[in-house]
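Notes to accompany the following structure.
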Amino acid sequence: MRNVGAVWTALIATIGVALGSFLPWATWGPISANGTSGDGVITLLAGALAFVGVLLYFKRPNVGRLVRTIVPVGLLIALATSVYDAINISSTSVSVFGTNINETVGIGLWLVVLGSIVGAIAWGYERFHKPVVETATV
């Protein structure tokens, strides 16, 4: 028995990972850099891989172990990459005409981090949560 809500949550989270890969990852005042100009390509591929795995599982829950494994692997790759970049971005500043401008984490990177975490939790819940079956006593 599968939890349709958890599967839908994982599916939407993988879309968030892929979408966040295109959005700004770093901003310096009015200037921003999109994720696909760097490591966003990795998170885009990992999110797409996880999306395909969830979609195949949604269509046929008894898919093979490989398909069930690519979802958490893709999400963990996206999470590790995005957390690494968020740490590097938040510790960087640029000096322009004697003024320090701190680099801040953009909305796209936050979306990748959040989507990876939510997707991994939803997928883990779907895969490992066993519903409690109550038996009637006479």
Exercise. Within region 5-61, can you find the residues that are β-branched (Val, Ile, Thr), at pLDDT below 95 and touching a Leu at 6+ places or on another chain (Cβ under 8 Å)?
Worked result: Thr36, Val54
For this session: Can you give me the number of residues within region 88-98 that are over 17 Å from Pro24 (Cβ atoms) and either modelled with pLDDT of 75 or more or among the acidic types (Asp, Glu) (or both)?
Result: 2
Exercise. Quick check: anything in region 27-39 in a helix (DSSP H, G or I), surrounded by fewer than 17 Cβ atoms within 10 Å (Cβ to Cβ) and of a type in the set (Ser, Thr, Tyr)?
Worked result: yes
Problem set entry | Condition check for Gly53: in contact with a helix residue (DSSP H, G or I) (Cβ under 7 Å, 6 or more places away or on another chain), among the small types (Gly, Ala, Ser) and on the phi < 0 side of the Ramachandran plot | yes
For this session: Kindly provide the set of residues from region 63-82 that are basic (Lys, Arg) and within 10 Å of the chain's Cα centre (by Cα), ordered by number.
Result: none
Exercise. Out of curiosity, is Thr69 out of contact with any helix residue (DSSP H, G or I) (no Cβ under 7 Å at 6 or more places or on another chain), modelled with pLDDT of 80 or more, among the hydroxyl-bearing types (Ser, Thr, Tyr) and surrounded by fewer than 16 Cβ atoms within 10 Å (Cβ to Cβ)?
Worked result: yes
Exercise. How many residues are farther than 15 Å from Ile42 by Cα, under 11 Å from the mean Cα position of the chain (by Cα) and of a type in the set (A, V, I, L, M, F, W, C) when one looks only at region 83-127?
Worked result: 6
For this session: Pick out the one residue from Ile70, Ile107, Ile87 that is touching a residue at least 24 places away in the same chain (Cβ under 8 Å) and either among the polar types (S, T, N, Q) or at negative phi (or both).
Result: Ile107
Exercise. If we scan region 4-11, do we find a residue that is of a type in the set (Val, Ile, Thr), closer than 21 Å to Trp110 by Cβ and over 11 Å from the mean Cα position of the chain (by Cα)?
Worked result: yes
Exercise. Does any residue of region 49-63 turn out to be loosely packed, with under 12 Cβ neighbours inside 10 Å and assigned to a helix (DSSP H, G or I)?
Worked result: yes
Exercise. Out of all the residues in region 8-30, is one or more under 13 Å from Val71 (Cβ atoms) and aromatic (Phe, Trp, Tyr)?
Worked result: no
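The values are calculated or read from the model by the stated rules, or taken from the named source; none is laboratory data. Everything numeric here is computed off the predicted structure, so don't read it as measured data. With ideal geometry, Cβ positions are generated from the backbone for all residues, glycine too; neighbour counts draw on all protein chains shown.
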